[in-house]
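Have a look at the structure below before the remarks.
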Amino acid sequence: MTQLSIPTTELYRLLVESVKDYAIFALDPNGYVVSWNPGAQRFKGYTAPEIIGKHFSVFYPPEDLAVNKPQIELEIAAEVGRLEDEGWRVRKDGTQFWANVIITALRGADGELVGFAKVTRDLTQRRAAELQAVEDARRIAAEEALRRAAEMRSTELADLLDRTQRQAEEIERRRNEADVANRTKTEFLAAMSHELRTPLNAIAGYVQLLLLGVRGPLTDEQSGDLTRIQRSQQHLLSLINDILNFSRLEAGAVTYNLGPVPLGTVLDAAAGMLGPQATAKRITFALEPCPPTVRALADASKFEQILLNLVSNAVKFTQPGGHVSIRCVVADHHVLTCVQDNGPGIPADRLADIFEPFVQLDRTLGNPREGVGLGLAISRDLARGMQGDLTVESTLGKGSTFTVSLKRVTAATDAESQAPSDGR
Ligand code: ADP
């Protein structure tokens with residue numbers, strides 16, 4: 001057995017006083033400090049003379065003091081022999097450190113309580129490392145959650161894309177179906193109009209023969225009836241022509257013979273045809289002369305068709321005593337033909353509708369209208385087919401102005417179109 005060269009009590013004193021990594025000190029049974037080692041001085045900042053005789057509660061932060069923690073810890077240590085705790089402790093300079101504390105009750109030979117041994121370790125760094133580890137784990141978890149959310153989002157997006165693609169395919173399929181249905185309708189309209197025109201022409205021919213007396217003399221009554229048949233036949237024919245025209249336009253079967261057209265000539269022709277109709281209805285009709293030099297890029301017969309439709313509408317919708325006029329306006333690159341009336345006008349919210357096929361404002365069963373509501377749809381299609389447009393401005397109760405705009409042809413544009421191509 002090894003022999004010690006110093007007494008045991010001296011050995012213990014040396015042991016306690018040499019330890020610098022632990023604060024080791026003793027308290028009396030009431031908690032007053034009775035011994036102090038260099039480790040205690042290192043952690044807590046007090047020298048032995050400063051702290052010996054003070055109550056150990058000075059090492060506790062205010063929140064622990066508020067719940068009487070120092071006293072409770074002593075009582076538990078006295079009761080069960082030992083108490084271990086981790087928590088904040090206060091240094092002499094008021095700063096705090098994270099401590100592991102073991103309080104052990106010291107009992108004499110008779111078992112009476114003689115004091116407490118208190119061993120404290122500074123775990124501030126370990127706690128910081130633990131907190132850092134917790135923080136790192138939290139950050140990693142948050143990053144992982146973000147990554148999962150991004151993954152989920154991308155799956156959702158892929159799903160959405162897939163669904164959108166399927167919807168687009170469905171829309172495309174329905175559009176094709178609608179196109180087919182529309183083509184079938186157009187072909188049906190074209191065929192039907194064509195078939196109807198043949199017997200109508202026959203009716204016109206035979207009425208003409210009868211009116212000419214080829215089949216024998218007619219009474220006045222018979223002539224009157226035949227004239228009414230003739231008017232109805234003409235009306236029906238014009239409706240059917242409208243439908244046929246429209247179906248051909250829709251089918252893209254209309255060809256345009258575009259070239260420079262002197263505007264005045266077409267305006268004169270339209271005025272010549274419809275002026276008498278206006279006069280018969282007691283509507284004053286004015287054609288402002290358009291200089292012969294004003295030319296537009298147009299198909300003359302289609303431009304005339306548009307103009308006839310606009311003027312006949314103006315005459316049709318304007319009350320006797322009203323006024324209808326045609327004039328041309330020359331702009332830099334366009335020429336405008338304006339057909340103006342002081343008829344009933346069109347409500348602002350219906351201005352777009354009237355260009356839709358089969359739209360007639362205030363048409364009711366009790367108020368059947370002449371026409372089928374195709375004139376403006378056809379006219380606008382024709383104007384656009386000639387790289388122009390048809391627009392309207394109107395004030396309810398005051399009248400309307402329909403404007404056909406066409407590309408202007410000048411000597412310069414003529415020369416341009418005739419210039420030899422450089423192959424570009
Ligand atoms: P339709 O003349 O066969 O009715 P349109 O397409 O030419 O067909 O005209 C469509 C509708 O636009 C007409 O029914 C009418 O309600 C309105 N409209 C056209 N021109 C005029 C006008 N000058 N004044 C008032 N309303 C008009």
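The values are calculated or read from the model by the stated rules, or taken from the named source; none is laboratory data. These figures come from a predicted structure and were not determined experimentally. Note that each Cβ is placed from the backbone with ideal geometry, even for glycine, and that neighbours are counted across all protein chains shown. Surface accessibility is based on the protein's heavy atoms, side chains included, excluding ligands, DNA and RNA. Shrake-Rupley method; radii C 1.70, N 1.55, O 1.52, S 1.80 Å.
What a 1.4 Å probe finds exposed on the chain is 56% carbon and sulfur by accessible area, rounded to a whole percent. Isolated cysteines of the chain, defined as having no other cysteine beta carbon under 4.7 Å away, are Cys338.
Protein heavy-atom accessible surface, 1.4 Å probe, per residue over the range 116-170: 79 Å². Measuring with a 1.4 angstrom probe and ignoring ligands and nucleic acids, Val214 comes out at about 90 Å² accessible.
Under the simplified labelling scheme, the Arg163-Arg139 pair shows an inter-label distance of 3.8 nm, with each label point 7 Å from Cα along Cα→Cβ. Each label was represented as a point 7 Å from its Cα along the Cα-to-Cβ direction; for Ile203 and Glu75 these points are 11.8 nm apart. With contacts taken as Cα pairs under 8 Å and at least 6 residues apart, the chain reaches a relative contact order of 9 percent. Can you list the lysines whose alpha carbon is less than 28 Å from that of Lys118, not counting same-chain residues fewer than 8 positions off? In chain and number order, the partners are Lys20, Lys44, Lys54, Lys69, Lys92. For the range 1-107, the fraction of C-alpha pairs more than 21 angstrom apart is 38%.
Placing +1 on the Cβ of every Lys and Arg and -1 on the Cβ of every Asp and Glu, with no other charges, gives the chain a dipole of roughly 1000 debye about its Cα centre. Inter-part distance, the range 54-124 to the range 184-224, computed on C-alpha centroids, equals 123 Å. When every Cα-Cα distance of the range 244-401 is counted in 10 angstrom steps from zero, the calculated P(r) takes the values 10, 39, 38, 12, 1 percent. 3J(HN,Hα) along the range 406-413, derived from phi through the Karplus expression 6.51 cos²θ - 1.76 cosθ + 1.60 where θ = phi - 60°, amounts to 10, 5, 7, 10, 10, 4, 5, 5 Hz, with x in place of Gly and Pro. For the range 239-397, the solvent-accessible area with a 1.4 angstrom probe is 49 square angstrom per residue. Under the combined filter of DSSP loop state and at most 14 neighbouring Cβ atoms within 10 Å, the range 66-151 retains none of its chymotrypsin sites (Phe, Trp or Tyr not before Pro).
So which of Lys281/Lys398; Lys316/Lys398; Lys302/Lys398; Lys185/Lys407 end up more than 25 Å apart by C-alpha?
Values: Lys281/Lys398 19 Å; Lys316/Lys398 15 Å; Lys302/Lys398 29 Å; Lys185/Lys407 33 Å.
Distance filter (> 25 Å) returns Lys302/Lys398; Lys185/Lys407.
Computed log10 I(q)/I(0) for the chain at 0.07, 0.08 Å⁻¹: -0.58, -0.68, from the Debye equation with unit scatterers placed on every C-alpha and solvent omitted.
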